[in-house]
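Notes follow the structure.
The values are calculated or read from the model by the stated rules, or taken from the named source; none is laboratory data. Remember, it's a predicted structure, so these values are computed and weren't measured experimentally. As a convention, Cβ positions derive from the backbone with ideal geometry for all residues, glycine included, and neighbour counts pool all protein chains shown. Heavy atoms of the whole protein, side chains included, go into the accessibility calculation; ligands, DNA and RNA do not. Shrake-Rupley method; radii C 1.70, N 1.55, O 1.52, S 1.80 Å.
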Amino acid sequence: MSKQTQTTRKTVKDIAAAKGATPLVMLTAYDAPTAAILDPHCDILLVGDSLGMVVHGLPSTVGVTMEMMILHGQAVMRGSQSAMVVVDMPFGSYETNADQAFLNAVRIMKETGCQAIKIESGAYAAGQIAHLVERGIPVMGHIGLRPQAIHVDGGFRAKGRTDGERDRVIAEARAAADAGAFCIVIEGVAEDLAAEISAEVSCPTIGIGASAACDGQVLVTQDMLGLFDWTPKFVRRYADLRAAIDAAAAEYAADVRARRFPGTAETYSLRKQGA
Ligand code: KIV
């Protein structure tokens, strides 16, 4: 293997070593230029199925397809070079049984070149996770609020607030960890539950709306960049890109209408003979 083809990306071992150490940094990415900007700052880039909502304008992640995940996964791989790239398995691509999960995970890994896949792992998914890991596919679990289950839950609601729900989330965490997940996303749970799970499982946990008690954090990039009017309580906005894009578009429109754009600096002219 030539030096150029050797990977310099973060590996599953690097991620595992972060347990209880410096918190892991993960952001979502869906296209090559954004991935290139985020890559130096992140341990993991997640091609999340949230792309259905934040890129394609779908009402939930339920309508996301394998083809969408693969197309965006390929773009993020092209744009990044050091972060581990994890691609979400979309709703309906892994729940039937371990064989279905394996064939679709293999397709995602072969067609994108990503290092791992993520599945929203209810306790039932332990069989799928173990099957994939035994066959060489690193799996990130995703427990607590599982957006693909929105129609069972009746909306995006925080989890683990009753004793029954708390037990269910703990069971999901144990199932994913025991089955060999290298990392677990915990979404939308109270701090004490996130702390209990993070202390119990040996793999790193990455929180979204799950407090600082996790071993790392993830946000949807469009949310933290301020592209939407509304964001959940747990999002901190690090920029106001919606206002910046709005102002830029308004200025461009005014310049075009007033014939201020394009100007001479943006206009080609004839080359002088012999130049
Ligand atoms: O799809 C996604 O962006 C995710 C994050 C919310 C973790 O799964």
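With the checklist (1) out of contact with any Leu (no Cβ under 8 Å at 6 or more places or on another chain); (2) open to solvent by less than 40 Å² (accessible area, probe 1.4 Å) in hand, flag the one item Gly160 doesn't pass.
(1)
Kindly check whether there is at least one residue in the stretch 40-54 that is open to solvent by 20 Å² or more (accessible area, probe 1.4 Å) and farther than 26 Å from Thr231 by Cα.
no
Pick from the stretch 178-189 the residues that are among the hydrophobic types (A, V, I, L, M, F, W, C) and either surrounded by fewer than 22 Cβ atoms within 10 Å (Cβ to Cβ) or assigned to a loop (DSSP other than H, G, I, E, B) (or both): which of them is farthest from the ligand (Cβ to nearest atom)? Before the answer, list the steps.
Looking only at the stretch 178-189, we keep the residues that are among the hydrophobic types (A, V, I, L, M, F, W, C), and these are 179, 181-186, 189.
If we keep only those that are either surrounded by fewer than 22 Cβ atoms within 10 Å (Cβ to Cβ) or assigned to a loop (DSSP other than H, G, I, E, B) (or both) as well, we get 179, 181-182.
Working: Ala179: 19, Ala181: 14, Phe182: 15 Å.
So the residue we want is Ala179.
Inspect the stretch 190-211 for any residue being within 22 Å of Phe156 (Cα to Cα), in a loop (DSSP other than H, G, I, E, B), touching a residue at least 12 places away in the same chain (Cβ under 8 Å) and touching a Ser or Thr at 6+ places or on another chain (Cβ under 7 Å) and give the result as yes or no. Write out each step before concluding.
Taking the stretch 190-211 first, the residues within 22 Å of Phe156 (Cα to Cα) are 190-195, 197, 205-211.
Okay, now just the ones that are also in a loop (DSSP other than H, G, I, E, B), so 190, 209-211.
If we keep only those that are touching a residue at least 12 places away in the same chain (Cβ under 8 Å) too, we end up with 190, 209-211.
Now drop any that are not touching a Ser or Thr at 6+ places or on another chain (Cβ under 7 Å), which leaves none.
Scanning the stretch 190-211 turns up no residue that is within 22 Å of Phe156 (Cα to Cα), in a loop (DSSP other than H, G, I, E, B), touching a residue at least 12 places away in the same chain (Cβ under 8 Å) and touching a Ser or Thr at 6+ places or on another chain (Cβ under 7 Å).
Condition check ((1) touching a strand residue (DSSP E or B) at 6+ places or on another chain (Cβ under 7 Å); (2) in a loop (DSSP other than H, G, I, E, B); (3) surrounded by 24 or more Cβ atoms within 10 Å (Cβ to Cβ)) across all residues:
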| position | (1), (2), (3) |
| --- | --- |
| Ala126 | no, no, no |
| His131 | no, no, no |
| Gly155 | no, yes, no |
| Glu165 | yes, no, no |
| Ala176 | yes, no, yes |
| Gln217 | yes, no, no |
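Return a yes/no flag: does the stretch 62-81 have any residue that is within 12 Å of the ligand (Cβ to nearest atom), buried (at least 23 other Cβ atoms within 10 Å of the Cβ), under 15 Å from the mean Cα position of the chain (by Cα) and assigned to a loop (DSSP other than H, G, I, E, B).
Yes.
When both residues are 6+ apart or on different chains and their Cβ atoms are under 8 Å apart, which pairs have a first residue that lies in the stretch 10-32 and is under 14 Å from Val86 (Cβ atoms) and polar (S, T, N, Q), and a second that is within 16 Å of the ligand (Cβ to nearest atom) and in a strand (DSSP E or B)?
Hits for this filter: Thr11/Met84; Thr28/Leu45; Thr28/Leu46; Thr28/Val47; Thr28/Val218; Thr28/Leu219.
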